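One structure below.
The values are calculated or read from the model by the stated rules, or taken from the named source; none is laboratory data. Quantities reported herein were computed from a predicted structural model and do not represent experimental measurements. Here the Cβ positions follow ideal geometry from the backbone for every residue, glycine too, while neighbour counts run over all protein chains shown. When the accessible area is computed, the model is the full protein with side chains, heavy atoms only, and any ligands, DNA or RNA have been set aside. Shrake-Rupley method; radii C 1.70, N 1.55, O 1.52, S 1.80 Å.
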Amino acid sequence: MEEEFYRIKRLPPYVIAEVNDMRAAARAAGKDIIDLGMGNPDLPPPQHVIDKLCEVAQKPGAHGYSASAGIPGVRKAQANYYGRRFGVELDPATEVVMTMGSKEGLASLATAMTAPGDVVLAPNPSYPIHTFGFIIAGATIRSVPTTPDEKYWAALDRAMAFTVPRPSILIVNYPGNPTAETVDLAFYERLVAWAKENKVWVLSDLAYSELYYDGNPTVSILQVPGAKDVAVEFTSMSKTFSMAGWRVGFAVGNPRLIAALKRVKSYLDYGAFTPIQAAACAALNGPQDIVEKNRELYQKRRDVMVESFGRAGWEIPSPKASMFAWAPLPPALKEMGSLEFSKQLLTHADVAVAPGVGYGEDGEGFVRIAMVENEQRLRQAARNIKRYLSTMGVNSSAA
């Protein structure tokens with residue numbers, strides 16, 4: 001009776017939880033911690049979305065079980081969003097399902113389509129659900145790189161040639177979490193052709209679709225003609241509309257996979273609270289100026305962070321999209337490792353970041369920095385980090 005349950009044994013301790021526990025303890029001790037670790041938006045949802053939630057919640061009939069796949073109006077609103085944003089036509093009845101965030105959608109689809117022993121190609125480093133959603137479902141993971149260069153394609157071909165059984169699913173995530181990498185439509189065109197040739201399903205996580213910078217919009221795999229033959233795509237309202245705690249996401253694309261996801265979800269849940277679904281409709285169908293304002297705000301934060309951290313002695317590549325920076329450890333401290341470096345920053349600079357090793361072994365040597373504090377707090381973080389780095393012998397630029 002003391003033996004661990006089968007699936008629990010397949011889940012390692014959550015490395016990032018170590019830093020989270022230290023952060024909580026520091027705050028409990030009265031320290032002012034600048035939290036750049038968790039990607040938890042600090043901005044409010046649009047007011048008209050909150051108003052719609054409250055309006056519908058006042059209706060007596062709004063408190064019963066809802067539709068597991070999403071009410072018709074919210075599925076239609078998501079289809080209209082894809083039409084406006086990407087020029088992609090979707091059938092709300094057969095090609096759209098609402099999920100409780102993209103995370104739940106990925107995990108439920110993994111349950112729906114994975115048999116024990118199936119091989120799934122997943123990026124490394126990656127957001128944990130991209131691997132562990134399938135590990136929980138009984139699959140085996142083969143890692144592939146995240147950087148979309150020729151090494152990526154070589155890794156895919158090696159996996160197909162030397163893996164038994166042959167991989168049947170590929171996870172892609174651009175803009176990437178944690179790496180913030182992006183791709184163009186030519187990448188997806190090549191990927192769809194590869195997937196068809198190798199008979200592989202493609203699951204695309206597009207949670208950061210609207211957090212793009214420098215006037216370069218992200219693209220959807222479904223913009224490729226014929227992509228719906230092999231692909232589904234997940235999006236989320238968490239970052240786009242600052243609705244992270246509302247747990248609203250969508251899966252769209254291949255009708256067979258959407259039907260499988262709907263079927264599993266029909267056994268697992270009754271869908272999101274109806275007023276939340278109505279509010280999601282208001283967000284998708286209503287004024288989109290808030291999306292542009294949020295994008296501009298995150299871009300300003302990015303620029304402040306890159307500039308001020310650089311002057312503090314820590315050069316950080318400027319992310320093209322997402323709410324994260326994927327930052328290599330300062331060269332002088334690289335041997336420390338990402339987990340210890342994260343602990344040191346928390347202890348000596350009062351700044352929390354996420355250790356890269358928590359996203360896979362190839363994340364070692366990096367930390368993920370979330371742009372979830374305002375510009376003033378980011379500059380304060382830079383000052384704190386500058387003091388810490390100076391004690392470690394790392395020189396900073398002149399202020």
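Do we have Ala186 as in a helix (DSSP H, G or I) and modelled with pLDDT of 95 or more here? For Ala186, the condition - in a helix (DSSP H, G or I) and modelled with pLDDT of 95 or more - is met. Just one residue in the set Asn384, Asn395 is open to solvent by 10 Å² or more (accessible area, probe 1.4 Å), of a type in the set (S, T, N, Q) and not in a helix (DSSP H, G or I); that residue is Asn395. When residues in region 221-238 are screened for being surrounded by fewer than 21 Cβ atoms within 10 Å (Cβ to Cβ) and charged (D, E, K, R), 1 of them pass. Contact annotation: no residue pair with Cβ atoms under 9 Å, 6 or more positions apart or on different chains, pairs a residue in region 63-85 that is among the acidic types (Asp, Glu) with a partner that is in a helix (DSSP H, G or I). Taken together, the residues in region 264-289 that are touching a Phe, Trp or Tyr at 6+ places or on another chain (Cβ under 7 Å) and of a type in the set (A, V, I, L, M) amount to 3. Pairs linking a residue in region 88-108 that is in a loop (DSSP other than H, G, I, E, B) to a residue that is polar (S, T, N, Q), with Cβ atoms under 9 Å and 6 or more positions apart or on different chains, are Val88/Ser220; Val88/Gln223; Leu90/Gln78; Leu90/Asn80; Pro92/Gln78; Pro92/Asn80; Glu95/Asn254; Met100/Ser108.
Out of Leu329, Leu297, Leu284, I need the residue that is touching a residue at least 24 places away in the same chain (Cβ under 8 Å) and buried (at least 22 other Cβ atoms within 10 Å of the Cβ). Which one?
Leu284
Pairs meeting the criteria (first residue in region 32-56 and closer than 16 Å to Leu211 by Cα and hydrophobic (A, V, I, L, M, F, W, C), second residue open to solvent by less than 50 Å² (accessible area, probe 1.4 Å) and assigned to a loop (DSSP other than H, G, I, E, B), beta carbons under 6 Å, at least 6 apart or on different chains) are Leu43/Ser242.
Take region 39-51 and flag every residue that is at pLDDT 85 or above and either of a type outside the set (D, E, K, R) or surrounded by 14 or more Cβ atoms within 10 Å (Cβ to Cβ) (or both). Those that are at pLDDT 85 or above and either of a type outside the set (D, E, K, R) or surrounded by 14 or more Cβ atoms within 10 Å (Cβ to Cβ) (or both): Leu43, Pro44, Pro45, Pro46, Gln47, His48, Val49, Ile50.
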